[in-house]
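Structure first, then comments.
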Amino acid sequence: MAENGSVQGATIYAVEEYSVHEEPYYLPIGDEVQLFETAYRQRIPVLLKGPTGAGKTRFVEYMAYRLGRPMMKVSSRTGEEVEHRMPLITVACHEDLTASDLVGRYLLDTDGTRWVDGPLTRAVKVGAICYLDEVVEARKDTTVLIHPLTDYRRLLPIEKLGQVIEAADGFLLVISYNPGYQSALKDLKHSTRQRFIAIEFNYPPRDAEAQIIAHESGCDDRTAMDLARLGEKVRNLKEHGLGEGVSTRLLVYAGRLIAQGIPARRACQVAITWALTDDSEVQRSIEEVVTSIFE
Amino acid sequence: MPVSIVTELLARHQERLSGFPAPLGQQFEAGLRALANRLTPSQLQAWAETGVELTALSLRSWEAAVEYFRAGANYPPQATWDAIETIGRDALQMAAESAPLAVSFLRAAPGAMEAIGPANIHAWAELGRRLYKGNWKSSSLAAQFYEVAPELFRVLRIGQASRLIIFIDELARHSYELASACLASAPAVLARLDEDDRLPFITFATELAQTSWADSRLYFDRGVPLIEKVHSALRERFLLLAAQAARGHHQRSAYQYFEDAANALGEVDPNDHQQVIMLAEQLAPYSPFAAMDFLTAMPTVLQRIRIDELEAWQQAGLRILQASAEGGEAYFRLQSTRAEDILENLSSRVELSRVGEVLRLYCKALTGRNVSIQTAESLAEKGIGWVDEHRASTDGTTIFLPELMERFPNKEDNFAAMKVFATHQAAHIEFGSFQFEFDRPGAVFPTRRHAFVRDRERPATTDMEAFFDLFPDRQLASDLFTIAEDARIDARVKDEYGGIRRHLVRMQAEELERRPPVEMMPLRNAFVENLVRASLDGLHLVRWPRDRAEAMSRALGILTALQAPGATVEDAAEAALALYEIAVSIPNIHDDVDPGSWDAVEPMEAGQAMPMEAAGEGGAQGSQAQLGGAGEGEEEYESPQEIDFRGDFKPELVDLLMKLRENAQGGQAGQQQTMPLTPEQLAELLAKSVEIDLDAMDEGDLDASTGMFLSNLMKEAGTPASEKGDQGGQPTSDNSTGEGEGEEPLKPIVTVYYYDEWDFRAQDYKPRWCAVKEAKLEEGDDGFYEKALKEHAGLVAQTRKQFELMKPEMFRKIKRLPDGEDFDLDSAIEWMVEKRAGANPTEKIYWRRNKIERDVAVAFLIDMSASTDEEINKRDKKYDDDDYDDDPRKYLSWWVSKRRQELTSPPKRIIDLEKESTVLLMTALETIGDQYGIYGFSGYGRDNVEFFVIKDFDETLDQKIKNRLDKITPIRSTRMGPAIRHATFKLMQTDAKVKILFLLSDGRPQDHGYGRDRTEKEYAIHDTKQALNEAKREGITPFALTVDRAGHDYLKTMCEDMGYEVVADIESLPSRLPTLYRRLTE
């Protein structure tokens, strides 16, 4: 069933067959690349902490690409030697995500029911990196699955099938969480968080961020610098009117608009000011920062 | 011949007159003789006969006759016979009614004749007679009128006098004393007015007499100076407006309107009166009150908008007025949000109070620090060294800005100017103006300052002090450092903030235009002035003697080098040092060379201008380099003219303040030991510093003001100032950290919040109308809570059980879903059966556990008004009385037992039951785990709505809160609206999904000024309803519970579609309340 196909221009993959084909742009800020590589070699699960839009997902993609690059030889069912890329399965967690959403469930079929593996099961089977984004949002029963997978056992119990799967060699669990906005209720439990090494992500320093913006958006260096400066200033407002600082992603959006000829002030208004808050006073304040920086 | 007729008439009437006292005869003869030459014999005869006739009219009419005859001798030359005859006829009529009236009439007649002329005599007589009502008081009032005639008619014409009489007559209906007093003062009062204004003055008086007669006295006493405040050509129109207002009926007295409006006009430029009154006149046909209020509002309004913008504001109000008188009146009273908004839109000026929050966030964004924004005035008030109330500044943590900005004709420009001010101050913080470290090298300039360090007795307190200590002429050094640092900051701002560059350049250009002519200055001053110009991007405006060009060129080069992006505050210091060396090498004298030799100067290349590493070129000798000071025979150096947008820059003072603050916080761990500051050290430092002008701060002896200043400074830094310097040896930090808080008196902290109030007549909010004062309720006895629990033990157990049952399951299984955790077996079988049968089965065969989170926050608002003091038994007394009517003994025994009961437990009041119910509810809430806050409210008037916190949302139930419960007592009135609004605000702070506002009261809302008068109920009810609606709009469920049996009538209006309940049997409240709450949240 997992045939790669193409419907109206979009490429369709089975979850376990998706891998990052082209090298994603990622600008290392510290030693995170080395850390992750080492952790992967040791099969130590990784927790990525940081605010939204700071590059956590991009980092995982980048690492998946890097780790897949040495073209590990793998015999597929056909016995051919194919270029192996590190499969990456990303699951965005939400508050209704239950264990069975991850493991799999019976679906109805014409003649009865049929078992379908969930994304986590697939990752375990093929040895992919499974990235659970915003893991604290998920229901607590998911921790039942995470725990045996993240210690020495590397087991996934599938209760409904009465099976236990031993994870394939390449499998690694990576989770992310944003300590900023989750309420105390949704904090990660210690029994869970102490199974991971934690890499902290923060917004990159001004120069690095400008470089990222320039690369990602194609705007000129001066604009990129101004955007990075704006980002820094707006982040100063965090917790004093703003729940979360402006993400690099939004700055890149603004840069892309500017690069396409939208006037800078307008671009910042739609990509940053209005995107960040509905509070008119805070909006006005951000606007003043924007008009101070951009002509 | 005349003699003969005189003797003849004398003889003829001798007999008739002989029966009266002697003066009669004497006056008769005198009158005859005086008139004999002016009248014909027949006229004289008629005159005499009239007099004689007077004597016979009544017992005392002879007195009138005496006056009649006496008048004859006193008539002025222009008196005609017709007039004299008229007087006689009128006198006869009057004497028939009241002899004294006739007496005073006749006595005043000659004078009146002179004042109003013979033709008007009859009209005059008639006026007086109108006042006469046949009684003694009216007669004396009329008499008074006649008596004042000579003075009165000097200022009034007869036609005008008739209007005055209407007024006096009206007033006399209420009070003869008042009428008499006004009449007496009328001539003098009217004399002070212009002729044209007299009639309008009287017109308004008449209207006043009809509606609020008691104010007439005030009007007569104080009216004239008030009217004089109005432009003289417009007083008549103004008075007519006031008269129109007086004609209507309104709460405020017409006089009050008049007084307020006149005073207001007094504050407005008289040239604008024409326009203002014209606009008021347009309002008058719709509501004269609105017109008067419009005038009264003028000083406030014209402060914010220009006179040519006034019409737009008035027109907007007029449209509202045409639609609704109440709305329009509120508008012009400035008690309407719309009025404020329109005013704000029209106004071109920018008020700090309105943009402060935006600027605060803006500056916070720029600096990354928690800066606050305050007015420059508040900084000056602190008395810590800043004296100018209008100049921007910063003390490192707060940015101070002028309260108003109105230098440009439109709002955008004014705001931009304010922003430039704020940006400059924020940039000082952002780019480290106050982070100067003496030992840190700069990024651009070589470090030379160490070469100039002299031996000192003690180490400098601050790095800034150490730096300025290098210079003999501290003022010059300070000025140069300021110029250098400001130049650096402006350059950084332009570099980093491209968007504000345009406005900054504009401000700089404006400042440049304002600079004083440099050619007139002594050389050193001119040098500094040129630096200022250059720092404002005004290189082209630098003028300097050609033969000295090199020094200036070097200085300009230094300044340019400082504007490089990487420059730091230490570079500014180095630049100041280099500039100082150049400055002292220039004598401060007037260069006598002809002004034509002054020319523009090009700055030197940065590399060339830069001073050498080792030491300055001037006085450097060996390792101990010296800096010069002012030379002999020079003019005194003066600081350059201030630059507006840069404000006050006081690096030394800020440095000190930061140091003090650091000390107050006990210094940071890991930092070098903070040095304790002794007051002596401080005093020395302050005496040195040129940034503080102690004389300017306070007149009086220097020591006292220094002391005051020091204690202010300490206070500002959070260090308690020591009285006698006893902390000399001890570190200040020890003193300040712990004890400062411990000494704090246990007075509750009151926070004031402002809320709008809904005016249902105007259909608009009155902006910031009510002040809600929030404070924690004091703690009372600690036994109350337990006692209440014990008393209602049964109920407590029952309630707790009920609420425990409500405790939600964390998950609830929901079946028949299209998607879920697993199959629901029943549905799956059904599906299979239907499928096999060939039907089209439903896909909904899954189940899932849904999380049911009980996430409730409730605010209880308890009425603590005085009416809750009522005893409950009293309400029921009438039933008791009936029962024992027949049997006195039975009654007696009942009474005795009741008394005994009352002695052991005092009768319960409504408030007691409210309290007990609250206790029960609290146990219930604790059981179920909802967030809750308990608040009480009371107060008196709109400025004083008391809001007591018994338990805030974020507090947990502890002994303190239990004790507070005991202190719930009846206090004053019930202004529900603002209390509800504040409770809403409290609820909005919580993040619960379900928010409930529970109002527990004993009657209708009522407060002083909560409605047109004491008896009006609609206003209060509408405002309360509006407040409840607002809460609902925020997603809060309001619920009102009252123990007032008559509650249905107003609760129906107040709560319309919201929940409410009237608990008729108050004793059931403790059991009812938890039940109600349970129902509400299930």
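Observations
- Qualifying residue in the stretch B:939-947 (condition: at pLDDT below 85, crowded, with 23+ Cβ neighbours inside 10 Å and not aliphatic (A, V, I, L, M)): yes
- Residues that are hydroxyl-bearing (Ser, Thr, Tyr) and at pLDDT 90 or above, drawn from the stretch A:27-61: A:Thr38, A:Tyr40
- Residues considered: B:Ile980, B:Ile950. Of these, the only one that is under 20 Å from B:Leu1028 (Cβ atoms) and either in a loop (DSSP other than H, G, I, E, B) or β-branched (Val, Ile, Thr) (or both) is B:Ile980.
- When each of B:Lys411, B:Lys419 is tested for being surrounded by fewer than 20 Cβ atoms within 10 Å (Cβ to Cβ) and of a type in the set (D, E, K, R), the lone residue that passes is B:Lys411.
- Per the listing A:Glu166, A:Glu80, the residue uniquely farther than 30 Å from B:Asp991 by Cα, more than 14 Å from every other protein chain (Cβ to nearest Cβ) and at pLDDT below 85 is A:Glu80.
- Residues that are of a type in the set (Phe, Trp, Tyr), away from chain A (no Cβ under 14 Å) and either in contact with a Ser or Thr (Cβ under 9 Å, 6 or more places away or on another chain) or surrounded by fewer than 20 Cβ atoms within 10 Å (Cβ to Cβ) (or both), drawn from the stretch B:324-371: B:Phe332
- Residue count for the stretch B:107-119, restricted to those that are open to solvent by less than 50 Å² (accessible area, probe 1.4 Å), closer than 22 Å to B:Leu190 by Cα and not hydrophobic (A, V, I, L, M, F, W, C): 2
- The lone exception for B:Ala261 - which of (1) surrounded by fewer than 24 Cβ atoms within 10 Å (Cβ to Cβ); (2) over 21 Å from B:Gln322 (Cα atoms) it fails: (1)
- Just one of the numbered conditions (1) crowded, with 20+ Cβ neighbours inside 10 Å; (2) of a type in the set (Gly, Ala, Ser); (3) more than 14 Å from B:Phe645 (Cβ to Cβ) is not true of B:Ser535: (3).
- B:Met113 being of a type in the set (A, V, I, L, M, F, W, C) and under 60 Å from the mean Cα position of the chain (by Cα): yes
- Per-region count, the stretch A:83-106, residues farther than 18 Å from A:Leu155 by Cα and more than 10 Å from chain B (Cβ to nearest Cβ): 12
- Within the stretch B:575-621, being in a helix (DSSP H, G or I), at pLDDT 80 or above and surrounded by 18 or more Cβ atoms within 10 Å (Cβ to Cβ) holds for B:Ala575, B:Ala576, B:Leu577, B:Ala578, B:Leu579, B:Tyr580, B:Glu581, B:Ile582, B:Ala583, B:Val584.
- Pairs where the first residue, in the stretch A:152-163, is more than 14 Å from chain B (Cβ to nearest Cβ) and the second is of a type in the set (Gly, Ala, Ser), C-beta under 6 Å, 6+ apart: A:Arg154/A:Ala167
- Looking across the stretch B:438-468, the residues that are more than 50 Å from the chain's Cα centre (by Cα), in a loop (DSSP other than H, G, I, E, B) and either under 16 Å from B:Ser478 (Cβ atoms) or among the hydrophobic types (A, V, I, L, M, F, W, C) (or both) come down to B:Ala443, B:Val444, B:Phe445, B:Val453.
- Every residue from the stretch B:415-437 that is more than 14 Å from chain A (Cβ to nearest Cβ) and either not in a loop (DSSP other than H, G, I, E, B) or not hydrophobic (A, V, I, L, M, F, W, C) (or both): B:His428, B:Gly432, B:Ser433, B:Gln435, B:Glu437
- Extreme residue, nearest to the other protein chains (Cβ to nearest Cβ), among residues of the stretch A:269-295 that are among the charged types (D, E, K, R) and part of a loop (DSSP other than H, G, I, E, B): A:Glu295
- From the list B:Asp734, B:Asp819, the lone residue that is loosely packed, with under 14 Cβ neighbours inside 10 Å, at pLDDT below 80 and in a loop (DSSP other than H, G, I, E, B) is B:Asp819.
- Any hit, the stretch A:248-263, residues being more than 24 Å from B:Phe431 (Cα to Cα), in contact with an Asp or Glu (Cβ under 7 Å, 6 or more places away or on another chain), in a helix (DSSP H, G or I) and within 11 Å of chain B (Cβ to nearest Cβ): no
- Test: residue in the stretch A:262-277 that is at pLDDT below 90 and buried (at least 18 other Cβ atoms within 10 Å of the Cβ): yes
- Taking the criterion of being closer than 18 Å to B:Leu965 by Cα and among the β-branched types (Val, Ile, Thr), the only residue of the stretch B:756-800 that qualifies is B:Val796.
- Members of the stretch B:995-1045 found to be of a type outside the set (D, E, K, R) and open to solvent by 40 Å² or more (accessible area, probe 1.4 Å), listed by number: B:Gln1006, B:His1008, B:Gly1009, B:Thr1015, B:His1022, B:Asn1029, B:Gly1035, B:Thr1037
- Any hit, the stretch B:491-503, residues being open to solvent by 30 Å² or more (accessible area, probe 1.4 Å) and modelled with pLDDT under 85: no
- Put simply, of B:Arg391, B:Arg338, B:Arg360, B:Arg369 the only residue that is touching a strand residue (DSSP E or B) at 6+ places or on another chain (Cβ under 8 Å) and part of a loop (DSSP other than H, G, I, E, B) is B:Arg391.
- Counting only helices (runs of 4 or more DSSP H) wholly contained in the stretch A:133-239, the ones carrying 2 or more residues that are open to solvent by less than 30 Å² (accessible area, probe 1.4 Å) occupy A:143-150, A:206-217, A:221-235.
- Only one entry in B:Ser138, B:Ser180, B:Ser104, B:Ser98 is farther than 30 Å from B:Ala46 by Cβ, among the small types (Gly, Ala, Ser), buried (at least 17 other Cβ atoms within 10 Å of the Cβ) and in contact (Cβ under 8 Å) with a residue 40 or more places away in the chain, namely B:Ser180.
- Residue check, B:Leu1073 in contact with a strand residue (DSSP E or B) (Cβ under 6 Å, 6 or more places away or on another chain), part of a helix (DSSP H, G or I) and open to solvent by less than 20 Å² (accessible area, probe 1.4 Å): no
The values are calculated or read from the model by the stated rules, or taken from the named source; none is laboratory data. A quick note: this is a predicted structure, and the numbers were derived from the prediction, not measured. Backbone-built Cβ (ideal geometry, glycine too); neighbour counts: all protein chains shown. Side chains are part of the model used for accessible areas, which takes the heavy atoms of the whole protein and leaves out ligands, DNA and RNA. Shrake-Rupley method; radii C 1.70, N 1.55, O 1.52, S 1.80 Å.
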